[in-house]
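Structure record follows, encoded as structure tokens.
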Amino acid sequence: MGLPGAIIEYMEQGRFICAMVLDEDSKRLRLVNQNGREVNLPLSRLLHQSAKRHSLTLSRDEQFRLLKEADQTRQAMMQQIDLAEIWQLASEEEGGSFSPEFLAELAFGEDATDNHVAAFLRSIFVDRLYFKYKEGLVLAHSPEAVAGLRLKQEREREQEALMSTGAMGLKRLWEGDSTMEWPERGRCLSLLGDYHVFGSEAEEGELARELLKKAGLTGPHDIYHLLIKAGVWQPHENVALLRYGIPAAFSEELTTAAAQAPEPVAEELVGRNRRDFRALPLLTIDGESTRDYDDALHVERRGDDFLVGIHISDVAHYVVPGTPIYEEAARRMTSLYFPEIQIPMLPRALSEGMCSLVAGKARAALSVMVLLSPKGEVLEFDLVPSLVEVKRQLNYPEAERLVESGDWELQALARLSEQLKQRRIEKGALLLPVPDVNISVDPEGRVAVSLSPVDTISRSLVAEFMVLANTLSAQFVADRQAPGLFRAQDEPHQRLIAGGEKDLFSVFRQRKQLKPGELLVYPKPHSGVGVMQYTTVTSPIRRFLDLVMQHQIKHLLLGRGAMFSADELAGIAGDINTVLARVNQVRRVRHRYWLLRYLEQKAGARVEALLVNKGPKRINLVLLDCLLDADMPPSQAVAAKPGDVVSVRVAKADALDNVLRLEW
């Protein structure tokens, strides 16, 4: 190769180094570089070699002087090179590959010396936007490649700014300066939020990790606490809601449209297809915090029999397929209720306004009018579009007291509901009552938990008449051989108890034997409810399925046939199952989060638990004060069997880590 005496260039840790070749073999060069070091360099790292050869008899000082001069000259010459201009000329040529000497002559406008060529090569290694060096030739990038590289460089500069100023800003926020502002603040916090929510699946997870590392935020929940300090998240932010993409707020357009909708006018609603039931003594029975009233009841004597009206808000009158509000309801599928927030399926102007059966207001309804015998036998029924006005708005405790004090309507409804329940049990229904777990959070963040029985007189009364309305609505659609959205459930794997059993241990055991429910286009029996066909229509404000069925029933009532075909309903059923799978996961995660927050307050205390199942290595418990399912190792010192109530100690509870550890 004949390189001894040549001045060559190579790169080391991103810097250009000049060196003189002292000796060579087939694979390596022995050099002395400008820093005075002798180096054995692989030939593959050689970037440029001078045409001129220097005497190897030069003293070491003279060699250093030559190398330093070459380096300084080339550094200075780089400032004269306009790569963009050279690229414009070179990119017009066919092929786009050139010798370094040719491009160096273009750059300097004179014959190229060793220093010219080396300066040009240095330039294209420093700025890789326009050219690349490969196998002794310089290749000009295409205009498309230059545009792509320019965009990449801009992103890299943005990331450098993000890292340099972002880490400092995040440190200040962490230390308590919530007013700290910098240009990339919003992007930094959004980046970290996405990373906390989605983890390794976050789009820019690697960048988020680097930013956290540079800011010194390496704790497992540092992002969570930082975003709360920055005011981006609320204390107790519902991370699962973000992870599963469940929308909380409505768009401004939808909110405005719903708010501007006029209050229903009674005279406009009553007509050929809607009966005026405003004179009937309707009442609602709901929870104390309820604002979206979608069902009401009334009862009247008909000889020895009873006419019961189950009146459901006619949401379909206002929320019509093809409208933005309907499409949004289809996206949400259900209302969500958490201790810290309620997320309605419909904007509040509808869910708590014109669609809500508010006392003293005329409202459109779909009424299920049922003639019942004193023993709860359905003698006849009719589905009627109606106009109603609620006279009494009761909560469960109020209804309970009125039943006990002799209120005729409520007592009659209670007696009939008991007959309806017994009829269902005789047909195989499994009621399996488990108390409601009520969670409340005070302004200081303390969590309280209470249990409410679901089989009180007032709650059973409402539940039975809603089941009746759902069953008769399913029968109405099925009798017309129309498709619908029918709920079904096969017989349990094993029947362990009678349908009306209330013992908590027996209820939990039987629940584990249930088969999953199905959502079908044509009816099948529902063993859990104890009926031949079943759907849900009684909560159209809160459930999309009920709204769809309300539309289907109203079309059939008008003699127009089915609004939705079987194929359309199959698609809707698939969408419902997909969305509700996500929604139910959010519900489970959030419910467990608040119960663990509650148990954090009881760390070290003893609590009672129902032993549900016992194995050689693990036992399954339910904590009786909050009905939280838990596992722990068995103890030889505790001779307990399934069904026993045992005392356990809350050793550790951590809601953010999703950890509960119990000890005997």
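The values are calculated or read from the model by the stated rules, or taken from the named source; none is laboratory data. All values reported here derive from a predicted model rather than from experimental measurement. When we count neighbours, we look across all protein chains shown, and the Cβ atoms used for this are built from the backbone with ideal geometry, even at glycine. To get the accessible areas, we keep the full protein, side chains included, count just its heavy atoms, and leave off ligands, DNA and RNA. Shrake-Rupley method; radii C 1.70, N 1.55, O 1.52, S 1.80 Å.
Give the calculated FRET efficiency between Arg401 and Val645 to the nearest 0.05, with a Förster radius of 25 Å applied to their Cβ-Cβ distance.
The formula returns an efficiency of 0.20 here.
Counting only pairs 8 or more residues apart or on different chains, how many lysine pairs in the stretch 535-664 have their Cα atoms under 29 Å apart?
9
So who's got an amide H within less than 5 Å of the one on Thr334, skipping anything under 5 residues away but keeping other chains? H placed 1.01 Å off N, in plane.
Close amide H contacts, sequence-distant or interchain: Phe544.
For the chain, divide the Cα radius of gyration by the Kirkwood radius and give the resulting Rg/Rh value with two decimals.
1.20
Within the stretch 352-416, what whole-number % of the accessible surface is contributed by carbon and sulfur, with the 1.4 Å probe and all protein chains included in the calculation?
The value for the stretch 352-416 is 50 percent carbon and sulfur by accessible area.
Put one equal scatterer on each alpha carbon of the stretch 193-259, apply the Debye formula with no solvent term, and list log10 I(q)/I(0) at q = 0.15, 0.18, 0.23, 0.27 1/Å to two decimals.
-0.59, -0.76, -1.04, -1.24
Rounding to the nearest 10 and keeping the result within 0 to 90°, find how far the Cα-based axis of helix 205-215 lies from the longest principal axis of the chain.
The two axes meet at around 70 degrees.
Could you work out [θ]222 nm for the chain from helices alone, using -39500 (n - 2.57) per DSSP H run of at least four and dividing by all its residues? Round to the nearest 500 deg cm²/dmol.
Helix-only estimate at 222 nm: -12000 deg cm²/dmol.
Over the stretch 457-608, what percent of the accessible surface lies on carbon and sulfur atoms, probe 1.4 Å?
Using a 1.4 Å probe with all protein chains present, the stretch 457-608 comes out at 49 percent carbon and sulfur.
Which length gain, in nm to one decimal place, applies between Thr578 and Val434 when the Cα-Cα distance is subtracted from 0.36 nm times their residue separation?
Length gained, Thr578 through Val434: 49.2 nm.
Quick one: length gained pulling His493 to Glu105 fully straight, 0.36 nm per residue minus the C-alpha distance?
Contour length minus Cα-Cα distance gives 131.0 nm.
Taking the mean number of other Cβ atoms within 10 Å as a proxy for protection, how do you rank 359-372, 275-288, 334-347 from highest to lowest?
359-372, 334-347, 275-288
What residues have an amide H closer than 5 Å to that of Trp233, excluding those fewer than 5 places away on the same chain, when H is modeled at 1.01 Å from N in the peptide plane?
Ile228
From the protein chains alone at 1.4 Å, what is the descending order of accessible area for Tyr133, Tyr522, Tyr224, largest first?
Ranked list, largest accessible area first: Tyr522, Tyr133, Tyr224.
Taking K and R as +1 and D and E as -1, what net charge do the other residues with C-beta under 15 Å from the C-beta of Leu43 add up to?
-1
For helix 60-78, what angle does its Cα long axis make with the longest principal axis of the chain, in degrees from 0 to 90 and rounded to 10?
Once rounded, the angle reads 50 degrees.
Output the peptides 225-231, 42-48 sorted from most to least packed, where packing is the average of other Cβ atoms within 10 Å over each peptide's residues.
Result, highest mean first: 225-231, 42-48.
Under 5 Å between amide H atoms, partner at least 5 residues away or on a different chain: which partners does Asp286 have, H built in plane at 1.01 Å?
Leu394, Asn395, Tyr396
Find, to one decimal place in angstroms, the Kirkwood hydrodynamic radius of the stretch 513-555, where the mean of 1/r is taken over every pair of different Cα atoms and then inverted.
Here the Kirkwood hydrodynamic radius works out to 11.6 Å.
Which value, in Å², gives the accessible area per residue of the stretch 116-229 when a 1.4 Å probe is used on the protein heavy atoms?
55 Å²
Please state the relative contact order of the stretch 368-506 as a whole percent: Cα pairs under 8 Å, 6+ residues apart?
23 percent
Can you figure out the FRET efficiency of Arg446 with Glu608, using R₀ = 30 Å and their beta-carbon distance, to the nearest 0.05?
0.90
Compute the signed sum of charges (Lys and Arg +1, Asp and Glu -1) over the other residues within less than 12 Å, Cβ to Cβ, of Lys652.
My count for the surroundings of Lys652 gives -1.
Once phi is turned into θ = phi - 60°, what whole-Hz ³J(HN,Hα) does the Karplus curve with 6.51, -1.76 and 1.60 give for every residue of the stretch 37-46, x standing for Gly and Pro?
9, 8, 9, 9, 10, x, 4, 5, 8, 6
State the percent of C-alpha pairs, over all pairs in the stretch 226-328, separated by a distance greater than 20 angstrom.
65 percent
Starting from the Cα of Val638, step 7 Å along the direction of its Cβ; do the same at Lys132; then give the gap between the two resulting points in nm.
Those two pseudo-labels are separated by 6.6 nm.
Points 7 angstrom from Cα along the Cβ direction at Tyr522 and Ala248: gap in nanometres?
Label-label distance for Tyr522 and Ala248, simple model: 4.5 nm.
Any idea how far apart His221 and Arg618 come out in nm if each label point goes 7 Å out from Cα toward Cβ?
In this crude spin-label approximation the distance works out to 2.3 nm.
Assigning unit charges at the beta carbon (Lys, Arg +1; Asp, Glu -1) and nothing else, what dipole magnitude in debye, to the nearest 20, does the chain show about its Cα centre?
My answer is approximately 2280 debye.
For the charge dipole of the chain, defined by +1 on Lys and Arg C-beta atoms and -1 on Asp and Glu C-beta atoms about the Cα centroid, which residue among Ile124, Ala498, Ala488 has the Cα displaced farthest towards the positive pole?
Ala498
Rounded, prolate or oblate for the stretch 339-476? Axes are the square roots of the Cα gyration tensor eigenvalues, ordered a ≥ b ≥ c, and the cut-off for rounded is a/c under 1.5.
Oblate, since a/c reaches 1.5 and b/c is not below a/b.
Would you kindly work out the equivalent ellipsoid of the stretch 344-420 from its C-alpha gyration tensor and give its semi-axes, the square roots of five times the eigenvalues, largest first in whole Å?
Equivalent-ellipsoid dimensions as semi-axes: 26, 19, 11 Å.
Roughly what angle does helix 396-405 make with the longest principal axis of the chain, taking Cα atoms, 0 to 90 degrees, to the nearest 10?
Once rounded, the angle reads 10 degrees.
Can you tell me which of 210-221, 14-25, 529-540 comes out highest on packing, and rank the rest after it, using the mean Cβ neighbours within 10 Å?
Result, highest mean Cβ count within 10 Å first: 529-540, 14-25, 210-221.
Find how much the distance from Glu38 to Asp654 grows on full extension, using 0.36 nm per residue of separation minus their present alpha carbon separation; answer in nm with one decimal.
Using 0.36 nm per residue and subtracting the Cα-Cα distance, I get 215.7 nm.
Short version: ³J(HN,Hα) in whole Hz for each residue of the stretch 234-245, in order, from phi by Karplus 6.51 cos²θ - 1.76 cosθ + 1.60 (θ = phi - 60°), x for Gly and Pro, what are they?
7, x, 6, 3, 7, 5, 4, 4, 6, 4, 9, x
Among Ser452, Ala261, Trp664, pick out the residue whose Cα is farthest towards the positive end of the charge dipole of the chain, where Lys and Arg carry +1 and Asp and Glu carry -1 on C-beta, about the Cα centre.
Farthest towards the positive pole: Trp664.
Given that compact globular proteins tend to follow 2.2 N^0.38 Å, what is the ratio of the alpha-carbon Rg of the stretch 429-474 to that value?
It is 1.63.
Can you work out the Karplus-derived ³J(HN,Hα) for every residue in the stretch 409-423? Use 6.51 cos²θ - 1.76 cosθ + 1.60 with θ = phi - 60°, whole Hz, and x for glycine or proline.
Values, residue by residue: 4, 5, 5, 4, 4, 5, 5, 5, 5, 5, 5, 4, 5, 5, 4 Hz.
With point charges of +1 on the Cβ of Lys and Arg and -1 on the Cβ of Asp and Glu, referenced to the Cα centre of the stretch 326-426, which listed residue (Leu413, Phe381, Val358) lies farthest in the positive direction of the dipole?
Val358
Looking at the chain, send over the antiparallel percent of its DSSP beta bridges, to the nearest 5.
Of the beta bridges lying entirely in the chain, close to 90 percent run antiparallel.
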